[in-house]
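**Q** One structure, pasted below without further comment.
What follows is calculated from the coordinates using simple rules that are stated; it is not laboratory data. Because the structure is a prediction, the values reported are computed rather than measured. Every residue, glycine as well, gets a Cβ built from its backbone with ideal geometry; the counts of neighbours run over all protein chains shown.
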Ligand code: CAA
């Protein structure tokens, strides 16, 4: 795998998304290899807790890959959205707890990835947000559902409609993350938590996860994400990002 690293330490596995030049953005290759890595870890019965993080000091995951998405048709966007949602659902229903060690930007698909984990621990430099409507699309990997569930509909709507990012401290205040720690302590804190979980009865922990998840089960996004790819605003919004145009004027078409 070129974009994913997997490491095992005792009963804890760590998956690192390793595409730091693009701030670990989720290209199809990253999603495909992440899916593969999840299957590999799931098949290892010695793993009782999984940690998910991003390579480098700047970013957990800066979202879905905008350059790859820009020219997608409605059908291609539907397939991409479906695949992303399947991978994230695999994390949400993973047979043992998954902890996100959020070491920087967690935007769009990155915020959604963190939210598909059971627990989120953030470094002080972490930044969260759902910038999609500024790109002419909706959140596509579960953000509309999981954000509202975690922080309540009012704050979720504010974050999604304004597309404004929030800092780690605010993410903690609204319940988006469990804990905020200095960047240099992040992995130690997360590993300590993962090892603490791994010391408990794995079957009881897994059943607890299942019981909590079953109680929260709701449908994830429908067709809104892919329908955006039939709009001029989607092409325009993503072109503005790639061309670094700051002053955007959407045409509502
Ligand atoms: N997709 C593709 N490439 C990305 C990317 C993304 N989501 N985020 C960053 N990159 C690339 C940049 O294009 C840049 O590449 P080049 O060096 O080739 O120009 C490189 O990563 C470094 O990024 P910046 O130069 O922009 O770094 P910065 O420090 O100035 O800004 C940032 C960091 C604020 C995170 C900025 O990169 C940014 O706003 N990224 C996009 C965030 C975003 O909008 N995410 C949502 C994507 S849509 C989505 O996720 C849909 C969904 O729900 C499925």
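**Q** Would you list the helices (runs of 4 or more DSSP H) that sit entirely within the stretch 1-100 and hold 3 or more residues that are in contact with a strand residue (DSSP E or B) (Cβ under 9 Å, 6 or more places away or on another chain) and away from the ligand (no atom under 16 Å from the Cβ)?
**A** 28-42
**Q** Could you list all residues from the stretch 101-111 that are within 29 Å of residue 214 (Cβ to Cβ) and either part of a helix (DSSP H, G or I) or near the ligand (Cβ under 7 Å from one of its atoms) (or both)? First the steps, then the outcome.
**A** Filtering the stretch 101-111 for residues within 29 Å of residue 214 (Cβ to Cβ) gives 101-102, 106, 108-111.
Selection gives 108, 109, 110, 111.
**Q** Can you pull out the residues in the stretch 220-253 that are closer than 30 Å to residue 89 by Cβ and assigned to a loop (DSSP other than H, G, I, E, B)? Give the derivation first.
**A** So the first thing to find is which residues in the stretch 220-253 are closer than 30 Å to residue 89 by Cβ, and the list is 220-231, 233-235, 237-238, 241-242.
Across the stretch 220-253, the qualifying residues are 220, 221, 222, 223, 231.
**Q** Taking residue 147 as the residue in question, decide whether it is more than 24 Å from residue 67 (Cβ to Cβ) and surrounded by 22 or more Cβ atoms within 10 Å (Cβ to Cβ). Give the steps one after another, and end with the answer.
**A** Values: more than 24 Å from residue 67 (Cβ to Cβ): yes; surrounded by 22 or more Cβ atoms within 10 Å (Cβ to Cβ): yes.
Yes.
**Q** Right, something else. With the structure loaded, tell me whether residue 107 is buried (at least 24 other Cβ atoms within 10 Å of the Cβ), more than 24 Å from residue 205 (Cα to Cα) and over 12 Å from the mean Cα position of the chain (by Cα) or whether it fails that test.
**A** So residue 107 fails the test.
**Q** Another question, if that's okay. With the requirement that a residue be in contact with a strand residue (DSSP E or B) (Cβ under 6 Å, 6 or more places away or on another chain) and part of a loop (DSSP other than H, G, I, E, B), what does the stretch 177-206 give you?
**A** Of everything in the stretch 177-206, those that are in contact with a strand residue (DSSP E or B) (Cβ under 6 Å, 6 or more places away or on another chain) and part of a loop (DSSP other than H, G, I, E, B) turn out to be 177, 178.
**Q** Here's a follow-up. State whether the residues of the stretch 213-224 include one that is exposed (fewer than 12 other Cβ atoms within 10 Å of the Cβ), closer than 28 Å to residue 76 by Cβ and without any contact (Cβ under 8 Å) to a residue 40 or more places away in the chain.
**A** Yes, the stretch 213-224 contains at least one residue that is exposed (fewer than 12 other Cβ atoms within 10 Å of the Cβ), closer than 28 Å to residue 76 by Cβ and without any contact (Cβ under 8 Å) to a residue 40 or more places away in the chain.
**Q** Identify all residues within the stretch 112-141 that are within 8 Å of the ligand (Cβ to nearest atom) and under 19 Å from residue 85 (Cβ atoms); write none if there are none.
**A** 112, 130, 131, 132, 135, 137, 138, 139, 140, 141
**Q** Only residues that are free of Cβ contacts under 8 Å to residues at least 60 places away in the same chain and in contact with a helix residue (DSSP H, G or I) (Cβ under 6 Å, 6 or more places away or on another chain): list them for the stretch 225-253, please.
**A** Hits for the stretch 225-253 are 251, 253.
**Q** Same structure again: For the stretch 142-171: of the residues being over 19 Å from residue 120 (Cα atoms) and part of a helix (DSSP H, G or I), which is farthest from the ligand (Cβ to nearest atom)? Break it down into steps so the answer makes sense when it comes.
**A** From the stretch 142-171, those over 19 Å from residue 120 (Cα atoms) are 153-154, 157-158, 160-164; that's our starting set.
Now restrict to residues that are part of a helix (DSSP H, G or I): 153-154, 157-158, 160-162.
Working: 153: 18, 154: 21, 157: 16, 158: 17, 160: 10, 161: 15, 162: 14 Å.
Going through the qualifying residues, I end up with 154.
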